[in-house]
1. Kindly list, by first and then second residue, each pair from a residue in segment 209-227 that is under 16 Å from residue 173 (Cα atoms) to a residue that is surrounded by fewer than 18 Cβ atoms within 10 Å (Cβ to Cβ), limited to pairs with Cβ atoms under 6 Å and residues at least 6 apart or on different chains.
2. Among (1) in contact (Cβ under 8 Å) with a residue 24 or more places away in the chain; (2) under 23 Å from residue 31 (Cβ atoms), which single condition is residue 237 missing?
3. Identify, by number, the condition in (1) touching a residue at least 24 places away in the same chain (Cβ under 8 Å); (2) within 27 Å of residue 178 (Cα to Cα) that residue 110 doesn't meet.
4. Out of everything in segment 57-81 that is under 24 Å from residue 122 (Cα atoms) and over 27 Å from the mean Cα position of the chain (by Cα), what residue ends up being surrounded by the most Cβ atoms within 10 Å (Cβ to Cβ)?
5. Tell me whether segment 19-42 contains one or more residues that are farther than 23 Å from residue 157 by Cα and touching a residue at least 12 places away in the same chain (Cβ under 8 Å).
6. Would you call residue 242 part of a helix (DSSP H, G or I), out of contact with any strand residue (DSSP E or B) (no Cβ under 8 Å at 6 or more places or on another chain) and surrounded by fewer than 16 Cβ atoms within 10 Å (Cβ to Cβ)?
7. State which residue is surrounded by the fewest Cβ atoms within 10 Å (Cβ to Cβ) when the search covers only segment 219-236 and only residues that are out of contact with any helix residue (DSSP H, G or I) (no Cβ under 8 Å at 6 or more places or on another chain) and assigned to a helix (DSSP H, G or I).
8. Given the residues 214, 229, which is the only one that is farther than 19 Å from residue 16 by Cβ, more than 20 Å from the chain's Cα centre (by Cα) and modelled with pLDDT under 90?
């Protein structure tokens, strides 16, 4: 596995796998329809994600060792292009999404090139780019794939889910690299509190059910409790425990966002 990661065939960011897969699956689930073109989009997106990960690895790898990553980049580029071009030929309206997606992906790649891969900006740009695939999947499943086809409920649900992943960046940082700095926990808690107000407003105006708002209250509480526990214990919370906990929260939020 490590050899495959060094050569760019597998992403070394384990948490990125759920961030890649769940947003488009949420958008598709919200549509309540089965369209085979969404399957084609999921294949193209998975291959594009792998290609992007390989390109990021190539950018931050010393020049002498970059050659071993090129086969992965070329392979994933072809595997993404075949379903991607086919899909665009049938649904050219999908190109409208590039107006938002391209700047986000480019910003993330630029920050990786500048050696700031772990910065909040790079992480947030990557997560937001992936989050766009939720509305894309919904629009493709229900209409022609254009942004205008996304309903207010789908926009709200996909946005809430994406913000959850954005919030995991400072939260995980507060328990690992920034464990001794309480400002990370304060920032993560403040971010979650603001998002909770936004989700509550979405429920108040009828865009979401009450359940996502209740889950976000719990997410805000865990944003303070878990870093505090990790900071005050003799042994901090393990990365494995943190990772599985975040997967559980993501799964719970995914489910409640499907409640009408």
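The values are calculated or read from the model by the stated rules, or taken from the named source; none is laboratory data. Just so it is clear, the structure is predicted and the values come from calculations on it, not from any experiment. Counting neighbours? That spans all protein chains shown, and the Cβs are built from the backbone with ideal geometry, glycine included.
1. Close Cβ pairs satisfying both conditions: 220/193.
2. For residue 237, the exception is condition (2).
3. The single condition residue 110 does not satisfy is (1).
4. Taking segment 57-81 as the starting set, the residues that turn out to be under 24 Å from residue 122 (Cα atoms) are 57-63, 65-66, 69-70, 72-74, 76-77, 80.
When the remaining residues are screened for being over 27 Å from the mean Cα position of the chain (by Cα), the result is 62-63, 65.
Working: 62: 6, 63: 6, 65: 11.
Here the residue is 65.
5. Applying the first criterion (farther than 23 Å from residue 157 by Cα) to segment 19-42 yields none.
The answer is no; no qualifying residue exists.
6. On the way: part of a helix (DSSP H, G or I): yes; out of contact with any strand residue (DSSP E or B) (no Cβ under 8 Å at 6 or more places or on another chain): yes; surrounded by fewer than 16 Cβ atoms within 10 Å (Cβ to Cβ): no.
For residue 242, the condition - part of a helix (DSSP H, G or I), out of contact with any strand residue (DSSP E or B) (no Cβ under 8 Å at 6 or more places or on another chain) and surrounded by fewer than 16 Cβ atoms within 10 Å (Cβ to Cβ) - is not met.
7. Filtering segment 219-236 for residues out of contact with any helix residue (DSSP H, G or I) (no Cβ under 8 Å at 6 or more places or on another chain) gives 221, 225, 229, 232-235.
In the following step, the residues that additionally are assigned to a helix (DSSP H, G or I) were identified as 221, 225, 229, 232.
Details: 221: 14, 225: 12, 229: 13, 232: 8.
Of everything passing the filter in segment 219-236, 232 is surrounded by the fewest Cβ atoms within 10 Å (Cβ to Cβ).
8. Details: 214 fails: modelled with pLDDT under 90.
Going through 214, 229 in turn, just one is farther than 19 Å from residue 16 by Cβ, more than 20 Å from the chain's Cα centre (by Cα) and modelled with pLDDT under 90: 229.
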